[in-house]
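Okay, so here's the structure we're looking at.
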Amino acid sequence: NNEKSVPQLLISDLKFEKSLPKLMFSPDQENHPSKAPVKYGELIVLGYNGSLPNGDRGRRKSRFALFKRPKANGVKPSTVHIACTPQAAKAISNKDQHSISYTLSRAQTVVVEYTHDSNTDMFQIGRSTESPIDFVVTDTVPGSQSNSDTQSVQSTISRFACRIICERNPPFTARIYAAGFDSSKNIFLGEKAAKWKTSDGQMDGLTTNGVLVMHPRNGFTEDSKPGVWREISVCGNVFSLRETRSAQQRGKMVENETNQLQDGSLIDLCGATLLWRTAEGLSRTPTVKHLEALRQEINAARPQCPVGFNTLAFPSMKRKDVVDEKQPWVYLNCGHVHGYHNWGNKEERDGKDRECPMCRSVGPYVPLWLGCEAGFYVDAGPPTHAFSPCGHVCSEKTTAYWSQIPLPHGTHTFHAACPFCAHQLAGEQGYIRLIFQGPLD
């Protein structure tokens, strides 16, 4: 056992500049704050480490910022028509009038007209590329490196999945609602959709696969704890989950909770999960510059392969998909970091398991990648831990937080996943502390 004679380097022992304070400001604050448009917040899609595999283009990207619009485009409910009256038919066919149609039977439709609201801005999210959708979201395939991997999947994300309404005045409250308005400014809930009359005579309903939301407890900080997943209705009411994702029977209404998003709220669209970060929360989050400085500090400490004695280095953020020859690799059962080598293969499991030369523990051996999407970090701590089995590296508090979050998967299961690549976590806790070897000189 040669472990005792080798200097071990725990990244937490490195004398990191005290959180590199100059780099901690968000890019918005570095520019002239008076001229910057008001930012309500950002939506970040889980499973992408900073950008989509083939690059961010137009309304299709891994993160989407919601800014105050030059002119308010929000809407609020106004007149209710019990169909089929001529007014109801007119409301549906009127391209300038937003409306939601609830089909109760062939003979009866209730149409709720919506009118302009000068105090709010509306943003719509869904799979459709039609113009009413502000942020186009497609199904996330765990660990996929190119869009060719994702096209064969039959999508479960609704074309007009949800809408977010932001108050144009401080504190710029953001609220989420299931379903979005289509190109003719309508939302149709067909006969099969779950829908009902509320106690005050209004209509409400759920979309086919539903919009689920989870608000973390203690905000999005190093003290965050997972909250409870809820379903949001078309009118923004909060319900417990249905038996399965598209069951006809709605859950129980949760009276004391609201559809108001908070920093760190998760929104699940059945095929993709989005993280909501408020502008204020993002201003306290490490920037890409900060993560780059942490990367350079690790590399400056010249960690070595304990066997080949070659110096290891994390590749630059831009080269985050190509394994580099200096790339650090880790044994996931013990956390010992090495350079890539070919020995130690165990034949039992298709050659996937390796024996660590340092401590003889047997397990998967994978390359390490830095987590580059700063919005997923709950603190600005050094990158000391890696998710298992994917090898994405970030701070200890960040790995601990995401490993506790049950993310919806399919129509009725939940599991913890790496936020950077969406791979389901494995092992007892889903992450491991990294043990680097320092230089011998």
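The values are calculated or read from the model by the stated rules, or taken from the named source; none is laboratory data. This one's a predicted model, so the numbers in the text were calculated from it and none came from an experiment. Methodologically, a virtual Cβ is constructed for each residue, glycine included, from the backbone with ideal geometry; neighbour enumeration extends over all protein chains shown. Please note that ligands, DNA and RNA were not included when accessible areas were found on the heavy atoms of the full protein model with its side chains. Shrake-Rupley method; radii C 1.70, N 1.55, O 1.52, S 1.80 Å.
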Residue check, Leu291 in a helix (DSSP H, G or I), of a type in the set (A, V, I, L, M) and either open to solvent by less than 20 Å² (accessible area, probe 1.4 Å) or modelled with pLDDT of 95 or more (or both): yes
All positions within the range 353-375 that are hydrophobic (A, V, I, L, M, F, W, C), under 29 Å from Ser62 (Cα atoms) and without any contact (Cβ under 8 Å) to a residue 60 or more places away in the chain: Val366
Phe181 vs. criteria surrounded by 17 or more Cβ atoms within 10 Å (Cβ to Cβ), at pLDDT 90 or above and farther than 23 Å from Pro408 by Cβ: yes
Exclusive hit being in contact with a helix residue (DSSP H, G or I) (Cβ under 7 Å, 6 or more places away or on another chain) and either closer than 27 Å to Ser62 by Cα or at pLDDT 95 or above (or both), set Pro408, Pro382: Pro382
One residue from Leu282, Leu312, Leu274 being more than 20 Å from Phe64 (Cα to Cα) and not small (Gly, Ala, Ser): Leu312
Count of the range 208-230 residues which are free of Cβ contacts under 8 Å to residues at least 40 places away in the same chain and either of a type in the set (A, V, I, L, M) or outside any loop (DSSP other than H, G, I, E, B) (or both): 3
Near pairs, Cβ below 7 angstrom, 6+ apart or cross-chain, from the range 55-73 (under 15 Å from Ile44 (Cα atoms)) to any residue that is open to solvent by 60 Å² or more (accessible area, probe 1.4 Å): Ser62/Asp56; Phe67/Pro37
Among (1) open to solvent by 30 Å² or more (accessible area, probe 1.4 Å); (2) in the same structural domain as Thr221 (by the TED database), the one test that Gly308 misses: (2)
The range 100-144, residues that are open to solvent by 50 Å² or more (accessible area, probe 1.4 Å) and within 20 Å of the chain's Cα centre (by Cα): Arg127, Thr138, Pro142
The lone exception for Lys320 - which of (1) open to solvent by 10 Å² or more (accessible area, probe 1.4 Å); (2) closer than 29 Å to Phe220 by Cβ; (3) of a type outside the set (Phe, Trp, Tyr); (4) at pLDDT 90 or above it fails: (4)
Check on Arg302, at pLDDT 90 or above, of a type in the set (Lys, Arg) and part of a helix (DSSP H, G or I): no
Unmet requirement for Pro364, which otherwise passes all of (1) under 30 Å from Thr278 (Cβ atoms); (2) touching an Asp or Glu at 6+ places or on another chain (Cβ under 8 Å): (1)
Complete set of residues in the range 196-207 that are outside any loop (DSSP other than H, G, I, E, B) and open to solvent by 40 Å² or more (accessible area, probe 1.4 Å): Lys197
Index of the failed condition, Thr413 passing every other in (1) closer than 28 Å to Glu231 by Cα; (2) in contact with a Leu (Cβ under 6 Å, 6 or more places away or on another chain): (2)
Total residues in the range 390-426, condition closer than 21 Å to Gln327 by Cβ and open to solvent by 50 Å² or more (accessible area, probe 1.4 Å): 1
